[in-house]
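The values are calculated or read from the model by the stated rules, or taken from the named source; none is laboratory data. Note that the coordinates shown come from a computational prediction; the quantities given were computed from them, not determined experimentally. A quick note on method: Cβ atoms are made from the backbone with ideal geometry, for glycine too, and the neighbour counts reach across all protein chains shown.
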Amino acid sequence: MSTPQLAGPPISPDGHYWWDGQAWQPMPAAAPAPAPAPPVAVEAPPSWLAAPPQAAAPAPSAAAVVAYIVVVSAVALAGVPALVSGTLGGRLPDWLVPLVGIVLALALTALTVVPFVTEVRAARAAVD
């Protein structure tokens, strides 16, 4: 299958001339690049913006954080051993598969819980 040719006249290898069908013609001078537009100053935030851009997002409630930790930990503790059993079953000794699943589940749960506990401790230390 042939590749379609691009429209336009042939250009010399050095790029300084183009073929008009009868003779080589010099390439036209390139137009200067347009100057960049000056930045537009925004005096007020748009009306559809709920909060000014400088406002920080509200902190999640303690109940939401606890719920998140409980749900993610439950998913890790329930799902990871089953995932490991389905993935590694038959490749490792039968007694080792549940142990690997439990260790991985506890590690993932710790990686979920430890940052929150550290943040709570730091917040309490800052208040005291």
Self-check item: Positions within the range 1-34 being surrounded by fewer than 10 Cβ atoms within 10 Å (Cβ to Cβ), more than 44 Å from the chain's Cα centre (by Cα), assigned to a loop (DSSP other than H, G, I, E, B) and at pLDDT 85 or above, in sequence order
Solution: Gly21, Gln22, Ala23
Exercise. Inspect all residues belonging to the range 66-73 and state whether any of them is in contact with a Ser or Thr (Cβ under 8 Å, 6 or more places away or on another chain), aliphatic (A, V, I, L, M) and assigned to a helix (DSSP H, G or I).
Key: yes
Quiz item: What number of residues within the range 42-66 are at pLDDT 75 or above, of a type in the set (A, V, I, L, M, F, W, C) and exposed (fewer than 10 other Cβ atoms within 10 Å of the Cβ)?
Solution: 4
Practice problem: Among residues belonging to the range 89-105 that are without any contact (Cβ under 8 Å) to a residue 24 or more places away in the chain and of a type in the set (A, V, I, L, M, F, W, C), point out the one that is farthest from Ser73 (Cα to Cα). | Solution: Leu92
Quiz item: Which of the residues spanning the range 69-91 are touching a helix residue (DSSP H, G or I) at 6+ places or on another chain (Cβ under 7 Å) and of a type in the set (A, V, I, L, M)?
Solution: Ile69, Val72, Ala76, Leu77, Val80, Val84, Leu88
Practice problem: Examine the range 75-82 for a residue that is in a helix (DSSP H, G or I) and under 24 Å from the mean Cα position of the chain (by Cα), and state whether such a residue exists. | Solution: yes
